[in-house]
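This report refers to the structure that appears directly beneath it.
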Amino acid sequence: MSLALDRATSAAAPATSPATLQPFRTAAGGLIDRSQPLPFTFDGHAYTGVAGDTLASALLANGVRLVGRSFKYHRPRGILSAGSEEPNALVELRTGARREPNTRATVAELYEGLETASQNRWPSLRYDALSINALAAPVFAAGFYYKTFMWPASFWEKLYEPLIRRAAGLGRAAEAPDPDHYDRMHAHCDVLVIGGGPAGLAAALAAGRAGARVILVDEEATPGGRLLAERRTIGALAGTTWAGDAIGELRAMPDVRILSRTTLFGVYDHGQYGAIERVSDHVAVPEEHAPRQRYWRIAAKRAILAAGAIERPHVFGGNDRPGVMLAGAVRAYINKYGVLPGREFAVFTTSDDGWRTVADAVAAGARVVAVIDSRFEVRAGLTQAAVAAGARIMLGAQVIDTAGRPELAAITVMSDAGRTETIRCDCLAMANGWNPIVHLDSHLSRKPVWDARISAFVPGGLPGGMTAVGAAKGQFLLSDCLDGGARAGAAAAADCGFAAVSPPPYTTDPESDAHEPLWRARAGRGKAFVDFQNDVAATDIELAHREGFRAVEHLKRYTTLGMATDQGKTSNMAGLGIMAELTGQPLPQVGTTVFRPPFTPVAIGALAGHHRGQDFRATRHTPSHGWAEANGAVFVTSGQWLRAAYFPQTGETDWLETVRREVSTVRSAVGICDVSTFGKIDIQGRDAIKLIDKVCANAFASLPVGKARYAIVLREDGFVMDDGTVTRLGDTHFVMTASTANAARVMQHLEYAHQWLYPHLDVQMTSVSEQWAQFAIAGPHARDTLRRIIDPAVDISNEAFPFLAAAAITVGGGIAARLFRISFSGELAYELAVPAGYGDAAWRAILNAGASYGITPYGTEALSVMRIEKGHVATAEINGQTTARDLGLGGMMAKKKDFIGRLMKERPALIEPERPIVVGVRPVDPNDRIRAGSHFIGVDVTPGPEADEGYLTSVAFSPVLGQWIGIGLLKNGAQRHGERVRAYDPVRNGDVVVEICAPCFVDPKEEKLRV
Amino acid sequence: MRYSLLSVLQQAFKGQRDWTPQWRDAAPKASYDVIIVGGGGHGLATAYYLAEQHGIRNVAVLERSHVGSGNIGRNTTIVRSNYLLPGNVPFYEKSMQLWERLEQDINYNAMVSQRGVLNLYHTDGQRDAYARRGNGMRINGIDAELLDQDQVRAMVPFLDFDNARFPIQGGLLQRRGGTVRHDAVAWGYARAASDRGVDIIQNCAVTGIRRENGRVVGVDTTRGYIGAKKVGLAVAGASSQLAAMVDMRLPIESHVLTAFVSEGLKPLIDTVVTFGAGHFYVSQSDKGGLVFGGDIDGYNSYASRGNLATIEDVMEGGMALWPGLGRLRVLRHWGGVMDMSMDGSPIIDKTHIEGLYLNAGWCYGGFKATPASGFCFAHTIANDAPHALNAAFRLDRFATGAVIDEKGVGAQPNLH
């Protein structure tokens, strides 16, 4: 049982009211509701917080100060900050499928029953076995792993890497799918205000009062920023009251939207912003139908960056001990959460605002034992509260070490003269100036610039439409934040065409922001950490310098400085400051690393929205889908389409059996197949035929009205893009089909050809793929079947409607339809197109009409078997790597016209005689099975690079031949019919001797389709 | 100082005092036998192999920023040799073999981790395409296994097998594939090249390439003119800009590719997995971050940052493949500028200008090629003729038609 629990329970034992359950809760004050106790657990121990707490404030209220272990040395760590910059207090939130590793306790809102656990420790947080790493710290210097673990080579994967991986990493991911869902929203506004502190509120007020559409985003549950964490006054009002009034006024404005609990994580091109709203993270489980989080994509005309600033820690020995905190955080815990992070405080500051901590702590009932300011002189009056509190005031001094097991119990202070003394305290507040949050304005590759006045980087060139205000701009005085915010809000509204009134200047209580940064305190005995989470110490930066890793990016990558989950929010500046000292360069010359989105880590699920599981992509159903589903079809995915692969009947046990029956029925009677997925493009206009002639490689000018023709489309580089048909329905009216896989690509290609290559042509086109249902009716009884559904006036006799005829007809009593006499199966066949809304009815009508002939529906498998039997090439052969000649279609290329790809297809490598060309294959032993993807090698040849002669593209079991057959691409294939090669398939243990033949196994004279 | 466990332990006792810069931060000399423009992985590897294999040590690598600041430090660290077409297969296999001995060759632990690369398939057509690829690999002596659904499930049980829009049918596995710590490759080659006499000159941007009588004589830089008998360009991402200095228009477009890393996590996934029904690939770094990515943004750009539409697409792919990712968080995303060539394959060749050599067009597959690229480029420069391994990577192949189009999408760079 841990000491933390002992303390908590001993404190809790006699308690009667919620407040006294928490030994470090102040008696009054803070923006919390003491009447609403919220029980929660940490590492299995029960505690109680109150409404308004974060997990961090609740743990501190219960006296829990050790909350985590560091990444490399497993050093005990406490809570450093009170905001999203927290590097130390990372916990696993919740359990089971909702477990969230690496959650910053400082931003996790407490709710009743919250279960939390520390991470990266074993067996317990207090007694962590890997804390022995700290003893080996001299070995584990930055980059040590680049210099060892090299021998023997095979040990890396077997031994070293598994050990390193197990020790590394932070929290544990949930093991089950995320049970929650996420929304995605698109929003537009005139003025986007990023940050709801004083500057942001003033900006939103000014813009909103002018009538602009405003979106204000703020990370916290309640906007207000530092106004909620400090004791300030604006005019006659307390800062918190002013903030509450401002929010109230904004909420009353119809065109203002306040998004609280929302982090603006990234700035993107063209005025696009990404934000995440944590809709349900402050409750145990989202309400029914509510998302866990909502991802906002915001398009804004103007943006006002009022994201504030992050306080800088000091770098000194043992600065990572639990109890050492940022001064601003100490004030936030006291003022906002009514929690004292200690009983006896010391303050280590280099800035005037650090001194504010003294009065706040004293007011909350704590003792302040010392204020250490490394400056030799400070403004008169600054020390007043400290003097009154009886604290020691140590100017020109620095904290150089800490002690405590593991929580802070004492600090070592060195005076300017070099004298050291130990001072007992259990909380040290560090104030070392603030860094404006220059992340968001840097996302569009703009570099921040150095502001010597505040010794920090401030926004440089801002993205278009963005202005920075307040602390984000380096203006740390409240009055500047308010006035600057109001001016920027009014200006942004004016830019959007709204007349804005400049508000009168705000007045505040007296303030000062004098500051002299101290990048590194004098050396003490303990390790002085720069990046807390990644355990990068000042000595690691020295080592990087020694080894030549002096460029900022090198420093970062070699030491991992700034690469932890906080992305260096509290560490980058100190790292740069130390590197500047080491190289003797001014700090701004050392530079900054590149800030990248997201500002704080964003859940992957939130960015994916609803696009997961079955909803990952749209599902397209064919017109016959309902019938097929009801009749037990097995479906196959084809792009976004679901197509019936085959239709098993009762008693059929094997898909091959079903497919064999479907093929045999088509070849002996009649079958129907839904081919609506093919691309259909309607092309009209005086010059339609000219465009078609340019796009297709075979000749079309001679195509008469009422005829269809096979079409080959080449890419500009001379390879085949797709094949299909073009039908001339009228003099200036055509319909072109494309394969299912290339439907969109061919449409795109036509648009490209028209808009870019031949803009002078008078032609219009549109995709009608989804407007027409299209069914293939194939087999000796196809005509008989069709006759029963078409309107009597339509003559489809062989003489009136021969092979490749096409016409607009009517079916079912006047329903407009199109009939094409084309065949993929090699049988007498038609394709009938009806408006998609009639598709289901037409499908059923055809089945009824063919019933007496024994009609079968057939799917893509039978379709494929029959096309392979016929030697028709399809997607497996038209794979973007084959020419028309490779596919046996070379003879169709027009000689007397120009077309896209004509010259490029004549490039030497494309007419190389050795190129693999389409052949048919059949196993020599008819019992052998062959598989697509097998390579061709000589019968007696040892497999090797030189032996590779091509590959098998498609295979099918042919019911006609009673054996497996295939189509492949073979070097010199046209000359090798009758030769034997191996279909070599080592990845499936296949090796079959096959005979090469012509790629057509059924009815080579094509008599059946003309009867 | 040679790197070893012993030296690390010794320095632990000496407060790490004796380490010296890993490579000399050299100032430019008046002239060199060979200047390599570009201090990324390919440029540094080229310099290393020039010195190591060809004894050419009077070499400078010019880097406009700092070593490794380009795509060598921005990629998703995947190495593999599971290529399809004859022009690529032996080259990438050579690269894999060089990765396998890299650390011993250059005495630098780049964490070459042969944890396997698993490409998933979701349709029969994809399965057959992977069989074609795998069989081609096996014929070339490269390891490849075609896994069925059960075998994939045993390896990566947390993927979506039950409710997927595009159910996983299986995968093509190359066990020798894996990941390599990308920065360490740049640093390791820099150190090894520097140790062999190569001058690594940082913050030295090339502003012009000087020619006399049709041959290269040197380069103008932000640090002055530097003479050279031969100049090799290895500046993927900026190849077109450098080539424009000698009025060459390359068959290359520049595109941005976004990569992502999650927060650090305890070990979750022990291999590299690529989704076959969307563009998404993922592995886990030794430090614990999930490293993942997807498609290029699709428009021409020199800005190393991507936009939300592609980011959403990548996350959707991730969630479709692995629904347990939902609550894990993206820590950072960044962009790299890709030399997208017209057939998706690279160029390592001489140019029409005597003494000027080109290494370009790596699309988003350049990292895995680093050792072989350096090996072949060094050979091409030293011998003024390509090595057999880069014989297919000619600049004139778009004229001859001998393209190496693995995806079969033709001369549309944003589709490769």
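I'm told B:Ser254 meets every condition in (1) away from chain A (no Cβ under 14 Å); (2) open to solvent by 30 Å² or more (accessible area, probe 1.4 Å); (3) in contact with a Gly (Cβ under 8 Å, 6 or more places away or on another chain) except one. Can you identify the failing condition by its number?
Condition (2) is where B:Ser254 drops out.
Which residue, of A:Ala385, A:Ala417, A:Ala410, is under 26 Å from A:Asn319 (Cα atoms), assigned by TED's automatic domain parsing to the domain that holds A:Ser351 and touching a Cys at 6+ places or on another chain (Cβ under 7 Å)?
A:Ala410
Go over the candidates A:Asp940, A:Asp1003 one by one and state the one that is over 21 Å from B:Asn135 (Cβ atoms), more than 14 Å from every other protein chain (Cβ to nearest Cβ), assigned to a loop (DSSP other than H, G, I, E, B) and open to solvent by 10 Å² or more (accessible area, probe 1.4 Å).
Only one candidate passes the filter, namely A:Asp1003.
Every residue, every condition in (1) within 14 Å of chain B (Cβ to nearest Cβ); (2) buried (at least 20 other Cβ atoms within 10 Å of the Cβ), yes or no:
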| site | (1), (2) |
| --- | --- |
| A:Cys425 | no, yes |
| A:Ala431 | no, yes |
| A:Ile437 | no, yes |
| A:His443 | yes, yes |
| A:Arg446 | yes, no |
| A:Ala452 | no, no |
| A:Phe476 | no, yes |
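Here's a check for you: in the range A:288-305, which residue that is open to solvent by 10 Å² or more (accessible area, probe 1.4 Å) and of a type in the set (A, V, I, L, M) is farthest from the other protein chains (Cβ to nearest Cβ)?
Across the range A:288-305, the extreme among qualifying residues is A:Ala290.
Evaluate the range A:664-677: report whether one residue or more is buried (at least 22 other Cβ atoms within 10 Å of the Cβ), without any contact (Cβ under 8 Å) to a residue 40 or more places away in the chain and within 35 Å of the chain's Cα centre (by Cα).
no
If the requirement is being without any contact (Cβ under 8 Å) to a residue 12 or more places away in the chain and on the phi < 0 side of the Ramachandran plot, which of these qualifies: A:Ala417, A:Ala499, A:Ala486, A:Ala403?
Being without any contact (Cβ under 8 Å) to a residue 12 or more places away in the chain and on the phi < 0 side of the Ramachandran plot holds for just one of A:Ala417, A:Ala499, A:Ala486, A:Ala403, which is A:Ala417.
Taking the residues in the range A:943-988 that are in a helix (DSSP H, G or I) and away from every other protein chain (no Cβ under 14 Å) as candidates, determine which candidate is surrounded by the fewest Cβ atoms within 10 Å (Cβ to Cβ).
That would be A:Gln975.
Test of understanding: among A:Ala701, A:Ala744, A:Ala711, which residue is over 24 Å from A:Trp843 (Cα atoms) and buried (at least 22 other Cβ atoms within 10 Å of the Cβ)?
A:Ala711
List the number of the failed condition for B:Leu173; all other conditions in (1) in a helix (DSSP H, G or I); (2) open to solvent by less than 10 Å² (accessible area, probe 1.4 Å) hold.
(1)
Mind listing just one residue for me: the one in the range A:137-162 that is within 8 Å of chain B (Cβ to nearest Cβ), open to solvent by less than 40 Å² (accessible area, probe 1.4 Å) and assigned to a loop (DSSP other than H, G, I, E, B) and, of those, farthest from B:Asp18 (Cα to Cα)?
A:Met150
Could you list, in sequence order, all residues of the range B:139-153 that are open to solvent by 20 Å² or more (accessible area, probe 1.4 Å) and within 8 Å of chain A (Cβ to nearest Cβ)?
Listed by number, the residues that qualify are B:Asn140, B:Gly141, B:Glu145, B:Leu146.
Among B:Glu354, B:Glu406, B:Glu316, which is facing another protein chain (nearest Cβ under 10 Å), in contact (Cβ under 8 Å) with a residue 60 or more places away in the chain and acidic (Asp, Glu)?
B:Glu406
With the requirement that a residue be assigned to a loop (DSSP other than H, G, I, E, B) and crowded, with 24+ Cβ neighbours inside 10 Å, what does the range A:519-546 give you?
A:Ala521, A:Phe532, A:Gln533, A:Asn534, A:Asp535
Being open to solvent by less than 10 Å² (accessible area, probe 1.4 Å), touching a Gly at 6+ places or on another chain (Cβ under 6 Å) and more than 10 Å from chain A (Cβ to nearest Cβ) is the filter here, so list the residues in the range B:1-47 that pass it.
Once the filter is applied, which keeps residues that are open to solvent by less than 10 Å² (accessible area, probe 1.4 Å), touching a Gly at 6+ places or on another chain (Cβ under 6 Å) and more than 10 Å from chain A (Cβ to nearest Cβ), the range B:1-47 yields B:Ile36, B:Ala45, B:Thr46.
If I go through the range A:489-505 residue by residue, how many of them are modelled with pLDDT of 95 or more and touching a helix residue (DSSP H, G or I) at 6+ places or on another chain (Cβ under 7 Å)?
4
Only strands (runs of 3 or more DSSP E) wholly contained in the range A:746-819 count here; list those with 2 or more residues that are small (Gly, Ala, Ser).
Result: A:772-778, A:806-811.
Mind counting the residues in the range A:163-192 that are open to solvent by 40 Å² or more (accessible area, probe 1.4 Å), more than 7 Å from chain B (Cβ to nearest Cβ) and within 25 Å of B:Leu6 (Cβ to Cβ)?
Number of matching residues: 1.
What are the residues in the range B:66-91 that are closer than 29 Å to B:Ile200 by Cβ, more than 10 Å from the chain's Cα centre (by Cα) and β-branched (Val, Ile, Thr), if any?
Across the range B:66-91, the qualifying residue is only B:Val67.
Select from the range B:115-138 the residues that are surrounded by fewer than 21 Cβ atoms within 10 Å (Cβ to Cβ) and facing another protein chain (nearest Cβ under 8 Å) and write down the one among them that is nearest to B:Phe161 (Cα to Cα).
If we take residues in the range B:115-138 being surrounded by fewer than 21 Cβ atoms within 10 Å (Cβ to Cβ) and facing another protein chain (nearest Cβ under 8 Å), then B:His122 is nearest to B:Phe161 (Cα to Cα).
Please work out which one of (1) in contact (Cβ under 8 Å) with a residue 24 or more places away in the chain; (2) touching a strand residue (DSSP E or B) at 6+ places or on another chain (Cβ under 6 Å); (3) surrounded by fewer than 21 Cβ atoms within 10 Å (Cβ to Cβ) is the condition B:Gly298 fails and give its number.
So B:Gly298 meets the others, but not (2).
Considering only residues that are part of a loop (DSSP other than H, G, I, E, B), at negative phi and open to solvent by 30 Å² or more (accessible area, probe 1.4 Å), which ones fall in the range A:372-400?
A:Phe376, A:Glu377, A:Val378, A:Arg379, A:Ala380, A:Thr383, listed by residue number.
Tell me yes or no: at least one residue of the range A:73-92 is among the charged types (D, E, K, R), out of contact with any Gly (no Cβ under 9 Å at 6 or more places or on another chain) and under 28 Å from A:Val279 (Cβ atoms).
Among the residues of the range A:73-92, at least one is among the charged types (D, E, K, R), out of contact with any Gly (no Cβ under 9 Å at 6 or more places or on another chain) and under 28 Å from A:Val279 (Cβ atoms), which makes the answer yes.
Conditions (1) touching a strand residue (DSSP E or B) at 6+ places or on another chain (Cβ under 7 Å); (2) modelled with pLDDT under 95; (3) surrounded by 21 or more Cβ atoms within 10 Å (Cβ to Cβ), marked per residue:
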site	(1), (2), (3)
A:Leu761	no, no, no
A:Ala773	yes, no, yes
A:Gly779	yes, no, yes
A:Asp784	no, no, no
A:Pro802	no, no, no
A:Ala805	yes, no, no
A:Ile815	yes, no, no
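Between B:Leu395, B:Leu415, B:Leu331, which is touching a residue at least 12 places away in the same chain (Cβ under 8 Å), out of contact with any helix residue (DSSP H, G or I) (no Cβ under 8 Å at 6 or more places or on another chain) and within 14 Å of another protein chain (Cβ to nearest Cβ)?
The match here is B:Leu331.
Check B:Ala385, B:Ala369 and return the single one that is more than 28 Å from A:Leu903 (Cα to Cα), modelled with pLDDT of 95 or more, assigned to a loop (DSSP other than H, G, I, E, B) and away from chain A (no Cβ under 14 Å).
Sole residue among the options that is more than 28 Å from A:Leu903 (Cα to Cα), modelled with pLDDT of 95 or more, assigned to a loop (DSSP other than H, G, I, E, B) and away from chain A (no Cβ under 14 Å): B:Ala385.
The values are calculated or read from the model by the stated rules, or taken from the named source; none is laboratory data. Small disclaimer: the values here were computed from a predicted structure and weren't measured. Virtual Cβ from ideal backbone geometry, glycine too; neighbours counted across all protein chains shown. In case anyone asks, the SASA skips ligands and DNA or RNA and just uses the protein heavy atoms, side chains included. Shrake-Rupley method; radii C 1.70, N 1.55, O 1.52, S 1.80 Å.
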